[in-house]
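Structure, as structure tokens:
The values are calculated or read from the model by the stated rules, or taken from the named source; none is laboratory data. Everything numeric in this text was worked out from a predicted model, so none of it was measured. Glycine also receives a Cβ, built like all others from the backbone with ideal geometry; neighbour counts cover every protein chain displayed.
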Amino acid sequence: MNRSAANSQGQMGSLIISAMFVLAGVVTLYDTLSYTDRDSKVFPQTVAIILIICASVSFIMRFIKPTDEGGFGQGIWWRRVLLISTMVLTCIAMPYVGFLPAGVIAFAGGLIAAMHDRWSLSNILLYWGSGGFIMVLFYTLFKFVLHVPLP
Amino acid sequence: MELDQFLAALTPLNLALALFGVLAGTIVGSIPGLTATMALAVLVPVTFAMEPASALILLGAIYTGAIYGGAYAAILLNTPGTPSAIATTFDGYPMAKRGDGDLAVALACFASVFGGMVGALALLFLAPPLSKVALAFGPIEYFWLSVFGLSLIAALSNGNLMKALAGGAFGMLLSTVGVAEVSADIRLTFGSQTLIGGFGVVVALIGLYCIPVLIDLVAVPGRHLKVEENVKAVRIGDAFGLAIRSKFNLVRSSVIGTLVGILPGAGGSVAGLVAYSEAKRTAKSHQKFGEGEPDGIMATESANSATVGGGFIPTLVLGIPGTPPDAIVLGALLVQGVRTGPAMFTQSGSIVYTFIYGLIIATILMLPAGLLIGRYAYKSIVTIPKAVLVPAVGFMTIIGTFSIRNSVSDVIIMLCLGVFGWVVARFGFAASPIVLGLILGPIAEQGFVQGWIIGDATNNLFGMFFGRPISQGILAFTLITLILPIYLARKKNKAHVELES
């Protein structure tokens, strides 16, 4: 991605996030209308107003003084998506298949996503072996030593 | 009499318990999601069969080790192992990324031992008079203290103050989700049962700090951290030299940590942030905080470790626990039949002084133990292949987050916050102001609302907020923190312009 494209992406991203923050402030102000106690309202209302002001100024500043060079930058998207989606899948599967089998999904996703070298038999055995050891170790620590009720 | 108690703390059993406690605490603290509170809660029943002083030494050593252990993940993975290590990430991770992770780990160890010693010595010599500080702090003082902590947002803004302030305000807004601090209104849940419990600080820490690192790690090939050709050991000599040069920073941060530790509810995270803010405010022109400045690590680590001794002051003298781990230790004391209160130092002197000496010994033992664990932690993190590191850390984030409230929903919230944090950080909205807002929001709200109610009832709102001496002092420091960098920057610009012309 060239510099101007990155700048353009950064500008647009900043605008969208600033607008989202303004929206969050407005939603909060609306939500506070339903609170019965005045003490519950005063802090979120104050913070929401500060958020709206700061995010609005940031939004306007993007037009007046466009200096950002943000953006998603370089990197392989399918790896990012695979990592997060397998972690989400783990959460969904956890109540049905148990913690350890569900954890294997996240581990496999993370391993495939982070594996930039060529796969070889020794790699597969080493990485899966050490991964299995780490998972069982932590599962044992949390389940049987710390008595966390893992599903 | 005190020599007897010192010798009692040096028995082989007590020494072994102190060493075991420090090692166990350090390992627990280094795992994101596992906190000192959890480690203490698990081990409390074990201590019931012990002598009271030995039990206290074990609990104190675990607490000390856990607070220090949080620095490893903060430095090497940009994820605070415990909330106390939040500010350690600001300079620790940039140092690790440029190849100075070994130095950062050693610095954190030296600073933690120094801070821990200052806190423990304050507990030994100044406990009764210092406990009065806890009573002098009312809701308004807590409010201004949190505002002082929030002023650090300006320091973390990286030239984009409005984005940082918006992030801080958004973090405070997140802190209001769930049941209201003072009244019982349900806020910003939109009918979701999951959100009634609010956003847990540790859940948010893991999500906002750790997940973005993982997302970045998988996207590109190459090593996680820059390393020298031969990784040998942590750089003890360099770290010791830097610590000696920054002795004033260490002393000031440790005193701040002790004083903040005395305040019930404040804790290591607030102490670390306040000490970091002070270190940045008084920094020399060549120091670049937030970009891998060793003084930033030393300020945070000495302050958060000093809160251990500081927190025991109101716990033992007044029976008011400053933090959740203090509350567990207080519970263990009561089970052992020890009554806390001003007379405790005379009535149960043998137990209390043996415990304090044990705490000092545990803090000293943290130096070799911490450097040894630090060496292996650093070597492991830098040499482990990315294809093992990423899924292992991912698995740890899931199991650590789940264990906080035994909730799958928390894991989903953690992932959502992580992706959100990664996206907004790409466009200049850093995670740190959001986390600051999330941590300090409840303290600020409680102090503000309670102060408002009292001021309203006494018809003296202005006096309540601005008329109390401690409030005025904190407010003055806050204003200096906010205004001084702007003044110095303008002065520097003016001098630069004059020089050019």
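Just one of the numbered conditions (1) within 30 Å of B:P221 (Cα to Cα); (2) over 23 Å from the mean Cα position of the chain (by Cα); (3) modelled with pLDDT under 85 is not true of B:G374; which one? Unmet condition: (2).
Here is a yes/no grid of residues against (1) assigned to a helix (DSSP H, G or I); (2) in contact (Cβ under 8 Å) with a residue 12 or more places away in the chain; (3) more than 14 Å from chain A (Cβ to nearest Cβ); (4) surrounded by fewer than 24 Cβ atoms within 10 Å (Cβ to Cβ):
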| position | (1), (2), (3), (4) |
| --- | --- |
| B:L334 | yes, no, yes, yes |
| B:T363 | yes, yes, yes, no |
| B:P368 | yes, no, yes, yes |
| B:L372 | yes, no, yes, yes |
| B:S380 | yes, no, no, yes |
| B:L389 | yes, yes, no, yes |
| B:T397 | yes, yes, no, no |
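Cβ-Cβ distance below 8 Å, separation of 6 or more or different chains: which pairs start in the range B:173-185 with a residue that is more than 7 Å from chain A (Cβ to nearest Cβ) and end on one that is in a strand (DSSP E or B) and not aromatic (F, W, Y)? Close Cβ pairs satisfying both conditions: B:V177/B:R187; B:G178/B:I186; B:G178/B:R187; B:V179/B:I186; B:V179/B:R187. If you filter the range B:156-211 down to residues that are of a type in the set (S, T, Y) and closer than 19 Å to A:P44 by Cα, you find that the one that is surrounded by the fewest Cβ atoms within 10 Å (Cβ to Cβ) is B:S192. Within the range B:448-462, the set of residues being buried (at least 21 other Cβ atoms within 10 Å of the Cβ) and touching a Leu at 6+ places or on another chain (Cβ under 8 Å) comprises B:W452 only. Scan the range B:279-301 and give yes if some residue there is crowded, with 22+ Cβ neighbours inside 10 Å and without any contact (Cβ under 8 Å) to a residue 40 or more places away in the chain, otherwise no. Yes, some residue in the range B:279-301 is crowded, with 22+ Cβ neighbours inside 10 Å and without any contact (Cβ under 8 Å) to a residue 40 or more places away in the chain. When the range B:313-332 is filtered for residues that are in a helix (DSSP H, G or I), in contact (Cβ under 8 Å) with a residue 60 or more places away in the chain and more than 16 Å from the chain's Cα centre (by Cα), the ones remaining, listed by number, are B:I313, B:P314, B:L316, B:V317, B:I328, B:V329, B:G331, B:A332.
Only one entry of B:I474, B:I412, B:I439 meets the criterion of being modelled with pLDDT under 85 and either in contact with a helix residue (DSSP H, G or I) (Cβ under 8 Å, 6 or more places away or on another chain) or among the aliphatic types (A, V, I, L, M) (or both), and that entry is B:I439. So for the range B:443-462 (the condition being in contact (Cβ under 8 Å) with a residue 24 or more places away in the chain, more than 9 Å from chain A (Cβ to nearest Cβ) and in contact with a Gly (Cβ under 6 Å, 6 or more places away or on another chain)), does at least one residue qualify? Scanning the range B:443-462, I find no residue that is in contact (Cβ under 8 Å) with a residue 24 or more places away in the chain, more than 9 Å from chain A (Cβ to nearest Cβ) and in contact with a Gly (Cβ under 6 Å, 6 or more places away or on another chain), so the answer is no. Look at the range B:258-278: where a residue is over 19 Å from B:I328 (Cα atoms) and among the polar types (S, T, N, Q) and a partner is in a loop (DSSP other than H, G, I, E, B) and at pLDDT below 85, sitting 6+ places away or on another chain with Cβ atoms under 9 Å, you get B:S277/B:S151. Only one entry in B:A66, B:A111 is farther than 21 Å from B:V213 by Cα, assigned to a helix (DSSP H, G or I) and at pLDDT 90 or above, namely B:A111.
With respect to the conditions (1) surrounded by fewer than 22 Cβ atoms within 10 Å (Cβ to Cβ); (2) touching a residue at least 12 places away in the same chain (Cβ under 8 Å); (3) within 11 Å of chain A (Cβ to nearest Cβ); (4) within 24 Å of B:A180 (Cα to Cα), B:F465 falls short on a single one, namely (3). Of the conditions (1) touching a residue at least 40 places away in the same chain (Cβ under 8 Å); (2) surrounded by fewer than 24 Cβ atoms within 10 Å (Cβ to Cβ), B:F427 clears all except one; give me its number. The one condition B:F427 does not meet is (1). Please find, within the range B:141-189, the residue that is modelled with the highest pLDDT out of those that are β-branched (V, I, T) and over 22 Å from the mean Cα position of the chain (by Cα). So the residue we want is B:V177. Inspect all residues belonging to the range B:42-59 and state whether any of them is within 14 Å of chain A (Cβ to nearest Cβ), assigned to a helix (DSSP H, G or I) and of a type in the set (S, T, Y). Checked the range B:42-59: no residue is within 14 Å of chain A (Cβ to nearest Cβ), assigned to a helix (DSSP H, G or I) and of a type in the set (S, T, Y). Against the numbered list (1) more than 27 Å from B:G99 (Cα to Cα); (2) polar (S, T, N, Q); (3) assigned to a loop (DSSP other than H, G, I, E, B), B:Q287 comes up short only at (1). Please find, within the range A:114-151, the residue that is farthest from B:T397 (Cα to Cα) out of those that are of a type in the set (F, W, Y) and surrounded by fewer than 19 Cβ atoms within 10 Å (Cβ to Cβ). Among them, the one singled out is A:W119. Within the range B:82-121, the only residue that satisfies the criterion of being among the small types (G, A, S) and surrounded by fewer than 24 Cβ atoms within 10 Å (Cβ to Cβ) is B:G99. One residue alone among B:L499, B:L484, B:L438, B:L479 is exposed (fewer than 13 other Cβ atoms within 10 Å of the Cβ) and under 27 Å from B:P264 (Cβ atoms), and that residue is B:L479. Just one of the listed residues (B:V329, B:V317) is in contact with a Ser or Thr (Cβ under 6 Å, 6 or more places away or on another chain) and crowded, with 20+ Cβ neighbours inside 10 Å, namely B:V317.
With respect to (1) closer than 29 Å to A:L15 by Cα; (2) out of contact with any Ser or Thr (no Cβ under 9 Å at 6 or more places or on another chain); (3) in contact (Cβ under 8 Å) with a residue 60 or more places away in the chain, the lone exception for B:I486 is condition (3).
Report whether or not B:S348 is within 14 Å of chain A (Cβ to nearest Cβ) and at pLDDT below 85.
no
Taking the conditions (1) touching a residue at least 40 places away in the same chain (Cβ under 8 Å); (2) more than 7 Å from every other protein chain (Cβ to nearest Cβ) in turn, A:L141 satisfies each one other than (1). Looking across B:V408, B:V419, one residue alone is facing chain A (nearest Cβ under 7 Å) and surrounded by fewer than 19 Cβ atoms within 10 Å (Cβ to Cβ). It is B:V419.
May I ask you to verify whether A:L121 is among the hydrophobic types (A, V, I, L, M, F, W, C) and in contact (Cβ under 8 Å) with a residue 40 or more places away in the chain? Full working, then the answer.
Working: among the hydrophobic types (A, V, I, L, M, F, W, C): yes; in contact (Cβ under 8 Å) with a residue 40 or more places away in the chain: no.
No: the conditions fail for A:L121.
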